[in-house]
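The values are calculated or read from the model by the stated rules, or taken from the named source; none is laboratory data. The structure displayed is predicted, hence computed values, not measured ones. As a convention, Cβ positions derive from the backbone with ideal geometry for all residues, glycine included, and neighbour counts pool all protein chains shown. These area figures cover heavy atoms from the full protein model, side chains too; ligands, DNA and RNA do not enter into them. Shrake-Rupley method; radii C 1.70, N 1.55, O 1.52, S 1.80 Å.
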Amino acid sequence: MSDTSKSVAELFVSRFGDSVTVGATQSGIMSLDIGVEHWLEVCRALRDEEDFGYEQLTDLCGVDYLGYGQSEWETEHASSGGFSRGVDRLGPGRFDWADRPEADQVEQRFGVVAHLISFRHNKRLRIQCFAPDEGMPIVPSLVEIWNSANWYEREAFDLFGIVFEGHPDLRRILTDYGFTGHPFRKDFPLIGNVAVRYDSLKKRVVYEPVEIEPRVLVPRVLRSDTRYKTDEVDLAVEAPASPEQADSGEAN
Amino acid sequence: MSEIRNYTMNFGPQHPAAHGVLRLILELDGETIVRADPHIGLLHRATEKLAESKPYNQTVGYLDRLDYMSMMCNEHAYVRAIEQLLGIELPPRAQYIRTMFDELTRFSNHLLWIASCGLDLGAMSMFMYAFREREMVMDMYEAVSGARMHAGYYRPGGVYRDLPEEMPLYKETPWTRGKDLKRRNEWREGSLLDFVEAFAKDVPSKIDVYETLLTDNRIWKQRTVNIGVVSPERALQMGFSGVMLRGSGIEWDLRKKQPYAMYDQVDFDIPVGVNGDCYDRYLVRVEEMRQSARIILQCVDWLRKNPGHVMLKNFKIAPPNREEMKDDMEALIHHFKLFTEGYCVPVGETYAAVEAPKGEFGCYLVSDGANKPFRIHFRAPGFAHLSGMDEMTQGHMLADAVAIISTLDLVFGEVDR
């Protein structure tokens, strides 16, 4: 992108060497992939060194990369009878607890993504690392460096089962007391597992398996084209109708 | 001699001062708080997971229900994230409408805050006054979107429709008639913009009324001055944003520092506190309401002079209108595609933040090129603020916990998501 982002990228590379990979810059926020073994050391430098000065961790969350880039609705062949169509694969929301898909061996399944702000440089930065073992993902905790990571890490632990080593108080935070499973993992059903209701006969709250059917109305499709840009074709269609409309279209 | 132990008390989840469904486990030494452990998640609806199973546009409605006191600001963060990945730019009129409604939202959020904070600390009449004004903002929401609260008005590519040319009027009822009816309809004779202008011009006088009631009120000051003091360093460490940060003396406002929509075109000031206590945060919020009114008037002025489109004229993202659909086959196809499948967002990840009334509301979006988000995470300001609750309450009296919860300006829709 711009010169400044290039020079910032060079700064990261010259300071941290192989322990970081500079990723894409989107809307002025650069992303930085950090090896999990250098996670703490790099973060400490990002906070303390004058060149970086990221004083605040604004956001931290987990990401489950299972099923990334998979489409449920692919056209493989076309014949005189029509296109081959039909939903295959168990995409998000399409399965219940019993049919939940076996997680494939995905390398780099669980990622931890954090967003930092440097108030003095007025800059944001996205840092991310991947947990080495997807069976028992463990990532060092950032609570010591930025205290605000505390609840965010609890949330990522609760929803994704990522264990933050060195966290002072790693408890579940959003789910129910005694909840099992990690609901935001891609192999956890959208409809959930158990439902709670008050049983007037037993005079207490009972847990039962959910009864609702999994239902998804729109299949997940992937289309890699660039037609979403306001292109000349659109402008040409608009232009004769009224001269005003060109204003809205001149975005690109 | 018997052993003296700390007393553990359960506060909430159903308590009028808990602002929703906060359960707080308080460890008390006499009446002094030793430790506060907030238990949240009672309103957790897995919005982020639901969003993964729907096309992008269908999630806009869920965003209103996150922070259900500042609906349009949440939508703004979400649509901005999508727009960034799509690489589209909006018509300026849409940007001005968004700026205006963001500020109206900020105003109504702070009204609700001042109302409920007053109620918590014993200033009951505040509630009545603030809700009187808030009702007007609700009417504006309704006029523009059809819904009083959960508007769903911002869409990727602009806003759903242009501002209406006329405001609905109150009808005569046995309780409202004659002079009363005339007074209620006084501002509503013209268009929505006339109504907004009359309202925004009147706002400073209404804020003066609130300030007369509270600012120098002895009881109000006793309950808020030096309560819940946060130093600037700690505010940064604990991830505070918005008023919680500005109250502690850090001049940081995304509208100024990283401007979005049309905030770089309007003139306004950022109020900053000094001591970082509850009273300073109150003063900052009151001043923000005045500044909002200023911004709203500037937007009204611009919107009057510049008619135009409010939605991108790109049928790949924004639907064509009904008329076009009736006589253009392309438009019909686009409409069908948009509402059955939606649009695919290019591969990438982005983070879009807006200065919501409560602080920085951010949306982290990962797209793998599908018509549904791969992962979406909402950065709710209240979540970070509540995590600082333990530190803020330590050493305070039990009654002060109420004041502190109140100035955090929590809404559990966004804390629990």
Region B:4-113 - percent relative contact order, Cα under 8 Å, separation 6 or more: 15
For region B:132-175, radius of gyration divided by Kirkwood radius, i.e. Rg to Rh on alpha-carbons: 1.06
Nearest-ten-degree value, helix B:192-214 long axis tilted from longest Cα axis of chain B: 0
Tilt relative to chain B, helix B:92-120 - C-alpha long axis, 0 to 90 degrees, to 10: 30
Long-range amide H partners of A:HIS121 with built H, under 5 Å: none
Relative packing of B:233-239, B:20-26, which averages over residues the other C-beta atoms within 10 Å, highest first: B:233-239, B:20-26
Relative contact order (percent, whole number), chain B, Cα cutoff 8 Å, 6+ residue spacing: 26
Subset of B:LYS49/B:LYS358; A:LYS186/B:LYS54; B:LYS54/B:LYS326 violating a 18 Å alpha-carbon distance limit: B:LYS49/B:LYS358; B:LYS54/B:LYS326
Heavy-atom accessible surface of region B:212-335: percent carbon and sulfur, 1.4 Å: 51
Cut-off under 5 Å, modelled amide H: who pairs with A:VAL194 long-range: A:VAL210
Contact order relative to length of region B:42-176, as percent, for alpha carbon pairs under 8 angstrom and 6 or more apart: 27
Residue mean of other protein chain beta carbons inside 10 Å, A:53-63: 6
Alpha-carbon Rg with Dmax, taken over chain B, Å: 22.6, 91
Karplus 3J(HN,Hα) series, Hz, for region B:168-179 with 6.51 cos²θ - 1.76 cosθ + 1.60 (x for Gly, Pro): x, 9, 5, 9, 6, 10, x, 9, 10, 7, x, 5
Carbon + sulfur, % of accessible area of region B:96-160 - ligands and nucleic acids excluded, 1.4 Å: 58
Euclidean distance of C-alpha centroids, region B:373-417 and region B:1-75, integer Å: 7
Accessible surface, per residue, of chain B when the full set of protein chains is kept, probe 1.4 Å, Å²: 37
Nonlocal amide H pairs with B:ARG379, under 5 Å, H built at 1.01 Å: B:GLY362, B:CYS363, B:TYR364
Loop-resident sites, region A:114-170, for trypsin sites (Lys or Arg not before Pro), counting at most 11 other Cβ within 10 Å (DSSP): A:ARG120
Rg over Rh, two decimals, the protein assembly as shown (C-alpha only, Kirkwood Rh): 0.97
GluC sites (Glu not before Pro) within region B:1-58, DSSP loop, no more than 11 other Cβ atoms inside 10 Å: B:GLU3, B:GLU31
Principal-axis tilt of helix B:71-86 within chain B, Cα atoms, nearest 10 degrees: 50
Mean projection area, nm², convex hull over Cα of region B:141-251: 11.8
In the B-A interface, the accessible area buried, summed over both sides, Å² (probe 1.4 Å): 6000
Gyration tensor (alpha-carbon) shape descriptor, region B:354-397, a/c threshold 1.5: prolate
Per residue convex hull volume, Cα atoms of region B:1-138, in Å³: 151
Top of B:VAL266, B:VAL137, B:VAL366 by mean-square fluctuation, Gaussian network on chain B, Cα under 10 Å: B:VAL266
Neighbour-limited loop hits for chymotrypsin sites (Phe, Trp or Tyr not before Pro), region B:122-209 (at most 10 other Cβ within 10 Å; DSSP other than H, G, I, E, B): B:TRP175
